[in-house]
Amino acid sequence: MDAVLIRTSRREELVNVTEHVEAAVARSGVREGVAVVWVPHTTAGVTVNEGADPSVARDLLAALSRLAPVSAGWEHREGNSDAHVKATLVGSSVTIPVHDGALALGTWQAVFLCEFDGPRQRRLVVSVLGR
Amino acid sequence: MDAVLIRTSRREELVNVTEHVEAAVARSGVREGVAVVWVPHTTAGVTVNEGADPSVARDLLAALSRLAPVSAGWEHREGNSDAHVKATLVGSSVTIPVHDGALALGTWQAVFLCEFDGPRQRRLVVSVLGR
Amino acid sequence: MDAVLIRTSRREELVNVTEHVEAAVARSGVREGVAVVWVPHTTAGVTVNEGADPSVARDLLAALSRLAPVSAGWEHREGNSDAHVKATLVGSSVTIPVHDGALALGTWQAVFLCEFDGPRQRRLVVSVLGR
């Protein structure tokens, strides 16, 4: 298990962490297997989507805010229920095949830490399995 | 592969199953790896979110019911299309790193079986990989 | 790592790929472990849901189109932001336990490649881990 700390800078933000995941795969020595990217947080998530055009990440955040608005008559009193809902919609982890010692990402794919209740310091965990 | 039966008590419910998953990890003997928690059902899911305050689970169910209402002109005739949609939004599994023989959960994280068309008896499957 | 090409025929479509995943598990020789099904694309996804009644797949696509409409004031200029959002909501992969050399799917479960911006040729990757 490998881990890195990521400091986010806004309440909602998609941080491209592909380099950190690639580095963890390299450190693991695994050539064929999978990498599990995990956040041990309940108001953040991990997703894979387009990394080339930053407008895609902004559209993702806008879409999620329409699906789970900050104010929607939530019961939880901390004012961040929207962030908890987004964490479950996006998910706390992604699992990516590793081939020839590298992530089997498509041309446009990047791995994003999804901050939904920042700014905070977040922990990004990478577990690489295989041989 | 390890499995446990969970009896749900309402149509929609989040059941904290963290103890069952921890027990399966202990039985597996794996110290470093990942645990895959899986439901072999199409109207239930698995998610990781806050376990401390039960209002978070209620907010999650409320949010999902706004995203996929019971009645929304669905084509499927069994009256549970909302449950199928929620299963896909939440997902049928979570994959959690295992470190030092325990789930690498954050302070506030718990694993939930998500019942969307109960009450029923559900099967929760745990596969632990690693060494 | 195993891969197969899937040609989709519409802009939005759920293609049942269970047979391809089962075949990859058989080729891997793994009897106990997990299968990771992955798409290296940012406008497609993978989900597990009911395969028996095709109306469930249609309801899923209809629900996703309500959550992320084609036209919603998106910033990304390629006209497919809805597809990127759906890819993140559904996810780029599923992880399924393998038991006795077969996918541990429930009676009604099938694996679907989710096309959100077709028709296109898509790549479906399967990584099987275990022994």
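The values are calculated or read from the model by the stated rules, or taken from the named source; none is laboratory data. Predicted model, so just to flag it, every value in this text is computed and none were measured. We place every Cβ from the backbone using ideal geometry, glycine too, and count neighbours over all the protein chains shown. We work out accessible area using only protein heavy atoms, side chains counted, and drop any ligands, DNA or RNA first. Shrake-Rupley method; radii C 1.70, N 1.55, O 1.52, S 1.80 Å.
How far, in nm to one decimal, is residue A:54 from itself in the other copies if the label point is set 7 angstrom along Cα toward Cβ? Shortest first, please.
4.5, 4.5
Hey, what does the equivalent ellipsoid look like for the protein assembly as shown, semi-axes from the Cα gyration tensor as sqrt of 5 times each eigenvalue, largest first, whole Å?
Taking √(5λ) for each eigenvalue gives 26, 23, 23 Å, largest first.
Enter the accessible area per residue of the range B:1-91 (Å², integer; probe 1.4 Å; all protein chains in place).
For the range B:1-91, the per-residue accessible area is 39 Å².
Calculate how steeply helix A:81-90 sits against the longest principal axis of the alpha-carbon atoms of chain A, using the helix alpha-carbon long axis, and give the answer as 0 to 90 degrees to the nearest 10.
30
Computed on protein heavy atoms with a 1.4 Å probe, what is the summed buried accessible area for the chain pair B and A, in Å² to the nearest 100?
2200
Just to be sure I understand the interface: list residues from the range B:56-82 that lose 30 Å² or more of accessible area between the chain on its own and the complete protein assembly, 1.4 Å probe.
Buried by the other chains: B:56, B:58, B:59, B:60, B:63, B:66, B:67, B:74, B:75, B:76.
Would you pull out the residues with amide H under 5 Å of residue C:3's amide H, same chain only if 5 or more places away, H placed 1.01 Å from N?
C:126
Quick one: what are the phi-derived ³J(HN,Hα) couplings along the range B:112-125, Karplus 6.51/-1.76/1.60 with θ = phi - 60°, whole Hz, x for glycine and proline?
10, 7, 9, 8, 10, 8, x, x, 8, 8, 10, 10, 10, 10
From the phi of every residue in the range A:22-29, what ³J(HN,Hα) in whole Hz does the Karplus formula 6.51 cos²θ - 1.76 cosθ + 1.60 yield, where θ is phi - 60° and glycine or proline is x?
With coefficients 6.51, -1.76 and 1.60, one gets 4, 5, 5, 4, 4, 4, 5, x Hz.
Can you pull the percent of the range A:72-122's accessible area that's carbon plus sulfur, 1.4 Å probe, other chains left in place? Walk me through the numbers before you get to the answer.
On the way: 740 of 1720 Å².
Carbon with sulfur: 43 percent of the solvent-accessible area.
At 222 nm, what helix-only mean residue ellipticity would chain C give, in deg cm²/dmol to the nearest 500, using -39500 (n - 2.57) for each DSSP H run of four or more? Before the final figure, lay out each step's value.
On the way: 3 runs with 35 residues, N = 131.
So the calculated ellipticity at 222 nm is -8000 deg cm²/dmol.
If you average the C-alpha positions of the range C:1-22 and of the range C:29-47 separately, how far apart do those two centres end up, in angstrom?
So the two Cα centres are separated by 11 Å.
Over the Cα atoms of the range C:23-91, what Rg and Dmax result, in angstrom?
Expressed in Å, the Cα Rg and Dmax of the range C:23-91 come to 15.7, 49.
Using only the alpha-carbon atoms of the range B:92-131 as identical scatterers, what base-10 log of I(q)/I(0) does the Debye formula give at q = 0.28, 0.32 Å⁻¹?
-1.13, -1.28
So if we plug the beta-carbon distance of residue A:31 and residue C:23 into 1/(1 + (r/R0)^6) with R0 = 30 Å, what FRET efficiency do we get, rounded to 0.05?
After rounding, the FRET efficiency stands at 0.80.
Using just the C-alpha positions of the range A:1-42 as equal point scatterers, what log10 of I(q)/I(0) does the Debye formula give at each q in 0.14, 0.28, 0.29 1/Å?
After summing over all Cα pairs, the log10 values are -0.39, -1.17, -1.22.
Full extension from residue A:16 to residue A:120: what is 0.36 nm times the residue separation minus their Cα-Cα distance, to one decimal in nm?
35.9 nm
Based on the mean of other beta carbon atoms within 10 Å per residue, what is the order of B:55-63, C:118-126, most packed first?
Top to bottom by mean Cβ count within 10 Å: B:55-63, C:118-126.
Helix A:54-67: angle to the longest alpha-carbon principal axis of chain A, degrees 0 to 90, nearest 10?
50
Could you state the per residue volume, in Å³, of the convex hull enclosing the Cα atoms of chain C?
93
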